[in-house]
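To keep things clear, I will list the structure first and then write my remarks on it.
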Amino acid sequence: MTSTLTTKYGLDYYGWSYYITRNNSLDRPWSKYFNYLGEKKLREIIHQEQPDGIINVFPFGATPEIAQGFDIPTFTVLTDYALHARWFHPKTDKYYVATNELKSELLTKGFENEQIEVTEIPIRSAFYNVSTIHNSFIKQLDPFKKTVMIAAGAYGVLGEIEVMVKSLLSNSDCQIAIVCGRNHKMEKSLRETFEGINQVHIFGFVENIQELMAISSCLVTKAGGLTLSEALTLSLPVFIYKPFGGQENALYFVNKRIAMIAFNKSELEEQLISFLSDEKYTKEIKKRMIALRKKRAADNISKNILQTITTKILEPILV
């Protein structure tokens, strides 16, 4: 049996804690404190579930050290494009990382080559099978217009979004799909503001978000590793607006020339207008994204973990 253990924290907590701990060594007080958050609960779950392996998908927690005490292998799936100190633990049995650069960095920390697999960040299988023809959004959006998709729910800055949308509509021939997520207040306000404007489409929480992404021309979002990985899989150019806790993720994409960063509204507007007017630039970005992406990370990780666990279970007991 394999259990997946994660930890949830508020966004503000994650933002500031990310930066004050990103270069910490394990013997620092902050590192020790974060390593043992949730220790009691974790031990209870291990006693209850009796897992053969533990998959760690969040950079906080005492998982590797506690698991070693139970002789349980720990597998860390690194869901960022940068190696924050909180991801690193010498007692982790195996890492699954998104890039060759991350593997090289882990090798400098003392891990062996066979302990690190480059797999990309695992995402839902629906992102690999999405169609632009048999698509539930094809009738809502004009197929002859470029579509700017804005993941607005992550920002909550209503005034900025309204001004940006109006500016884009004035300076480019595009349509805009605004996804508010579970921010119902923002969704209601935006619907009222843009009522009757056919080029603006407001959505709340979108379960089949991969379909909307697949028929969009670009995505405006924050720098979360998972979202960036989803965009990479769909070859969807990304405009990263005001990154904070995941700025290193943003820098990786920018260095690979498959995304742009904007730190204010005017800068973002300028980037988007330039992008929408340059078809050659769009094709170049998509071509670079296709070259970088890997497929079926979740399947490959699962198979590798099961193989490792099976091998460990079948190991002979030396007497």
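Between residue 144 and residue 284, the modelled labels are 2.9 nm apart [label points 7 Å from Cα along Cα→Cβ]. Long-range amide H contacts for residue 116: which residues qualify at under 5 Å (H placed 1.01 Å from N, peptide plane, sequence gap of 5 or more or a different chain)? Result for residue 116 returns 95. In the full protein context, region 95-211 carries 52 Å² of accessible surface per residue, based on a 1.4 Å probe and ignoring ligands, DNA and RNA.
Backbone phi angles across region 197-209, fed through the Karplus curve with coefficients 6.51, -1.76 and 1.60 (θ = phi - 60°), yield HN-Hα couplings of 9, 5, 7, 10, 10, 9, 10, x, 7, 10, 5, 9, 4 Hz in residue order; Gly and Pro are listed as x. Label positions at residue 101 and residue 40, each projected 7 Å from the Cα along the C-beta direction, are separated by 4.2 nm. Charge tally for residue 182 (other residues, Cβ to Cβ under 13 Å; Lys, Arg +1; Asp, Glu -1): 0. Summary value for region 74-121: 42 percent relative contact order, contacts being C-alpha pairs under 8 angstrom separated by 6+ residues.
Which chymotrypsin sites (Phe, Trp or Tyr not before Pro) from region 61-120 combine a DSSP loop assignment with at most 14 other Cβ atoms within 10 Å?
Working: sites: 70, 75, 81, 87, 88, 95, 96, 111; in loops: 70, 81, 88, 111.
Loop-located and lightly packed - 70.
Straight-line reach from residue 40: which aspartates and glutamates have a Cα under 17 Å away, not including same-chain ones fewer than 8 places off? The qualifying aspartates and glutamates are 49, 65. For region 223-303, the carbon plus sulfur part of the accessible surface works out to 53%, probe radius 1.4 Å. Taking amide H positions as modeled 1.01 Å from N, with prolines and chain starts lacking one, the residues under 5 Å from residue 206 and 5 or more places away or on another chain are 181.
State whether region 200-319 is rounded, prolate or oblate according to the following rule on the C-alpha gyration tensor (a ≥ b ≥ c being the square roots of its eigenvalues): a/c under 1.5 gives rounded; otherwise a/b larger than b/c gives prolate, and the remaining case gives oblate. Please report the intermediate quantities before stating the final value.
Numbers: a/c = 2.46, a/b = 2.34, b/c = 1.05.
Prolate shape, in that a/c is at least 1.5 and a/b is the bigger ratio.
For region 261-268, putting each phi into the Karplus relation 6.51 cos²θ - 1.76 cosθ + 1.60 with θ = phi - 60° gives couplings of 10, 10, 9, 8, 4, 5, 5, 5 Hz, in residue order, rounded to whole numbers and with x for Gly and Pro.
Annotation: lysines with alpha-carbon distance below 27 angstrom to residue 303 (same-chain offsets under eight excluded): 8, 91, 94, 103, 109, 294, 295, 312. Taking a threshold of 19 Å on the Cα-Cα distance, which of the pairs 222/256; 145/280; 146/286; 166/280; 256/280; 145/283 fall above it? Pairs exceeding the cut-off: 166/280.
The values are calculated or read from the model by the stated rules, or taken from the named source; none is laboratory data. All values reported here derive from a predicted model rather than from experimental measurement. Note that we place each Cβ from the backbone using ideal geometry, even for glycine, and neighbour counts take in every protein chain shown. Heads up: the accessible areas ignore ligands, DNA and RNA and are worked out on the full protein's heavy atoms, side chains in. Shrake-Rupley method; radii C 1.70, N 1.55, O 1.52, S 1.80 Å.
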